[in-house]
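The values are calculated or read from the model by the stated rules, or taken from the named source; none is laboratory data. Keep in mind it's a predicted model, so treat the numbers as computed, not measured. Positions of Cβ are backbone-derived with ideal geometry, glycine not excepted, and every protein chain shown enters the neighbour counts. Accessible surface areas use protein heavy atoms only, side chains included; no ligands, DNA or RNA. Shrake-Rupley method; radii C 1.70, N 1.55, O 1.52, S 1.80 Å.
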Amino acid sequence: MEPLRGPGARKRKAVDYAALHEGVAKVGTASRWIPHLERTKDEFLDGHALGVARLATGADLNDAWARKTDLRTPAVIASTEGLSMTLPPPSFMVRDVAKVIGEGTPVQVMRSRDQSNLDHWSLGDWSRYYDAPRREEVLNVISLEFSRTALAERVRSPQFVRQRDWIDTAWPAALRTRGHWPQVQYYCLMSTAGCYTDFHVDFGGTAVWYHARRRAGKP
């Protein structure tokens, strides 16, 4: 059923994500961005030409930098030194996420080629898919929030982030003590090679921090 639209509203053109995944040209406005991003990925990772700040250590991510940039500049930090954050060891991978949170925990899995969600997956299913010698489809997990799980005991965001997190600084302590707070602080994203999501704006224009970890020997 087509949603109701007000006068003058424009109908959004559908994008054939399956064709986009196969590399078919002219399937929608998003198709022109994929080749461009592929050509410029080294430039993007370098960051200088795109206005991305390169900070040597976490100590450079401070109040002075925040005032200078108004937090409008993305930053890539080469070293975790000075960030005062806590992370599992480098050997901690997808199978460990499943064991710590619980292999029976339901998880929302996204099929990359058409951006559809797959139902009835557990973290155990996802771990077995991720470690399989051959994968039939390109799948993605982007919505596993773990702030109320055992994994939260092993992860702590950088001090710079905690000092500006409204949940940490403004949410009533009495509610937090009773276990009531917005569950949007800690997400574990697990992606395989070739994954992408459509262009979007996160809820509330959220500012985020990422710590990226790549599995050695397999994308």
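Taken along the Cα-to-beta-carbon direction at a fixed 7 Å, the label points for Ala170 and Asp114 span 4.1 nm.
For Asp70, the accessible surface of its heavy atoms amounts to roughly 100 Å² (probe 1.4 Å, protein chains only, rounded to the nearest 10).
Using the Cβ-Cβ distance between Ala152 and Arg215 with R0 = 25 Å, the FRET efficiency computed as 1/(1 + (r/R0)^6) comes to roughly 0.65. Accessible area per residue (1.4 Å probe, heavy atoms of protein chains only) ranks Trp65, Trp209, Trp171 as Trp171, Trp209, Trp65, with the largest value leading. Solvent-accessible surface of protein heavy atoms, probed at 1.4 angstrom with all chains present, puts Leu83, Leu189 in the order Leu189, Leu83, largest first. In terms of accessible area, using a 1.4 Å probe and ignoring ligands and nucleic acids, His180, His200, His36, His120 rank largest first as His120, His200, His180, His36.
Given a 1.4 angstrom probe, what's the average accessible area per residue across the range 79-178, in square angstrom?
58 Å²
Surface calculation, 1.4 Å probe, protein heavy atoms: Ser91 sits at approximately 90 Å² accessible.
Full extension of the segment from Glu137 to Arg178, taken as 0.36 nm per residue of separation minus the current Cα-Cα distance, would add 10.6 nm. Ligands, DNA and RNA excluded, the heavy atoms of Ile142 present near 60 Å² of accessible surface to a 1.4 Å solvent probe.
Given +1 at the Cβ of Lys and Arg, -1 at the Cβ of Asp and Glu and no other charges, the dipole of the range 101-162 around its Cα centre is 300 debye to the nearest 20.
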